[in-house]
Amino acid sequence: MKICHVINDLSRGGAETHLLSLVEAQIRHGNEVHVLLLGRDQNHFVSLENDFVELGIKLKRLNGPKKLQGLNPFSILAASRYFGNQKFDIVHTHSPRSDFLVYTSQKIFKKINKRIVSIHGKYGTYLQGNKYVDILRKSFINKQAKIWLSADKVIVISDSIKDWLNSLNPSIKPVVIPYGISNQDQEINFTNNNIGFLGRLNKNKGIEDLVTVFNSMANEHSLENSQLTLSIGGIGADSYVKNLQRASIDKNIKFLGYVKDRYKFFESLSIFVFPSYSEGLGLVLLEAMSYGVLCIARDVAPMNKIINHEENGFLFTNNDELKKIIEAGLKLSQNDKTQIIKNARNTIENSYSIIQMYSSIEKVYSS
């Protein structure tokens with residue numbers, strides 16, 4: 001099968017990491033895979049381009065500003081020529097702009113055999129801090145739903161996104177296929193008291209709550225002689241990061257910037273906290289579970305569909321609960337921690353494996 005994936009760029013994020021796992025499995029099963037990119041990778045992010053190239057993926061980047069590619073007639077023409085020359089069996093899009101570009105190309109030039117859409121988030125619902133941008137984004141997504149309805153198949157990565165999509169347009173009948181990852185061969189760390197967060201730094205991630213709780217623990221002398229630290233990995237808008245740093249009154253809160261070595265990061269942790277208010281799925285939470293880290297997440301979908309409280313991790317609803325759970329987690333016996341982490345890794349193996357993900361997407365392609 002000849003497949004073309006279309007995505008904004010290869011700056012490492014949830015969708016891009018998922019795509020790398022998917023195309024690796026597709027090549028391993030004998031498919032010819034191409035990737036069409038709307039523009040350059042983002043600054044301050046690690047690019048996955050070399051990882052794709054090493055797999056033998058044929059990459060093509062469109063010229064011009066990627067934010068306008070769906071509206072740019074030159075890009076639409078270039079993409080249409082590309083699709084016409086290559087004669088792909090499947091064109092699979094992974095972002096709203098790429099959805100719009102491929103839809104427009106198909107509508108005008110009819111060069112696409114089968115169009116598959118993957119929706120990786122509840123676009124337009126996240127807290128961005130600028131209400132005017134949010135209003136425009138939500139308006140765009142409402143129109144985007146009509147484009148998704150015209151696709152041959154729509155894939156969503158969680159039931160939470162499926163419910164959100166149904167609220168936009170109940171006529172869209174998506175298939176739920178979560179991300180697939182592998183459990184990591186890493187020893188469980190019981191030797192430190194390091195708490196960690198990893199992800200893009202913005203209001204939606206709830207990082208202020210985590211900082212507030214850590215500050216509170218410091219003020220109550222809970223950290224005395226414990227050598228407890230909070231490591232925050234990720235990047236965001238300079239103004240937001242500076243506000244976070246100003247709010248971080250305790251010296252044991254460390255801002256790491258972009259984390260290139262995830263193995264080293266997760267190896268350093270005893271507890272991973274994911275306080276996000278809203279996610280498409282929460283790939284980094286799955287990663288933390290696969291690395292054998294004790295995980296705490298906010299009790300909202302889809303995180304509360306991944307974690308069963310006190311079985312394979314912990315859930316909280318407010319800062320007081322988060323503080324109590326962190327303190328209790330630090331005092332858990334080694335046997336209790338081992339069992340919870342074992343259960344978490346079983347969750348990855350049973351519900352979020354790469355094999356399951358690849359097999360489910362193949363069924364969508366062939367249906």
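The values are calculated or read from the model by the stated rules, or taken from the named source; none is laboratory data. Bear in mind that the values here come from a model prediction, so they are computed numbers and not experimental data. All Cβ positions, glycine included, derive from the backbone under ideal geometry; neighbour counts span all protein chains shown.
Odds and ends about this structure:
- Any chance ALA288 is surrounded by 22 or more Cβ atoms within 10 Å (Cβ to Cβ), in contact (Cβ under 8 Å) with a residue 60 or more places away in the chain and of a type outside the set (D, E, K, R): yes
- In segment 1-39, the residues that are in contact with a helix residue (DSSP H, G or I) (Cβ under 8 Å, 6 or more places away or on another chain), within 21 Å of ILE119 (Cα to Cα) and of a type outside the set (A, V, I, L, M, F, W, C): HIS5, ASN8, ASP9, GLY14, THR17, HIS18, SER21, GLN26, HIS34, GLY39
- ALA237 passes every criterion in (1) surrounded by 19 or more Cβ atoms within 10 Å (Cβ to Cβ); (2) of a type in the set (A, V, I, L, M); (3) over 23 Å from LYS323 (Cα atoms) apart from (1).
Matching residues to (1) touching a residue at least 12 places away in the same chain (Cβ under 8 Å); (2) in a loop (DSSP other than H, G, I, E, B); (3) surrounded by fewer than 17 Cβ atoms within 10 Å (Cβ to Cβ):
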{"residue": "ASP9", "(1), (2), (3)": "yes, yes, no"}
{"residue": "HIS18", "(1), (2), (3)": "yes, no, no"}
{"residue": "ILE27", "(1), (2), (3)": "yes, no, yes"}
{"residue": "LEU36", "(1), (2), (3)": "yes, no, no"}
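Residue by residue, here is whether (1) small (Gly, Ala, Ser); (2) more than 30 Å from VAL241 (Cα to Cα); (3) in contact with a His (Cβ under 7 Å, 6 or more places away or on another chain) holds:
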| site | (1), (2), (3) |
| --- | --- |
| LEU20 | no, no, no |
| ASP41 | no, no, no |
| PHE45 | no, no, no |
| GLY64 | yes, no, no |
| PHE83 | no, yes, no |
| VAL117 | no, yes, no |
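- Whichever residue in segment 206-250 is on the phi > 0 side of the Ramachandran plot and in contact with a strand residue (DSSP E or B) (Cβ under 9 Å, 6 or more places away or on another chain) and, among such residues, is modelled with the lowest pLDDT: GLN227
- Restricted to segment 44-153, the set of helices (runs of 4 or more DSSP H) holding at least 1 residues that are touching an Asp or Glu at 6+ places or on another chain (Cβ under 8 Å), in the same structural domain as LEU165 (by TED's automatic domain parsing) and at pLDDT 80 or above comprises 49-54, 131-149.
- In segment 252-327, counting only helices (runs of 4 or more DSSP H) that sit wholly within it, the ones holding 2 or more residues that are farther than 16 Å from ASN194 by Cα span 283-290, 303-306.
- Looking only at segment 329-367, and only at residues there that are touching a Leu at 6+ places or on another chain (Cβ under 9 Å) and not in a helix (DSSP H, G or I), the one that is surrounded by the fewest Cβ atoms within 10 Å (Cβ to Cβ): LEU332
- Annotation note: Cβ proximity below 8 Å between a residue of segment 336-349 that is within 14 Å of ASN308 (Cβ to Cβ) and a residue that is assigned to a helix (DSSP H, G or I) and aromatic (Phe, Trp, Tyr) (sequence gap 6+ or interchain) occurs for no pair.
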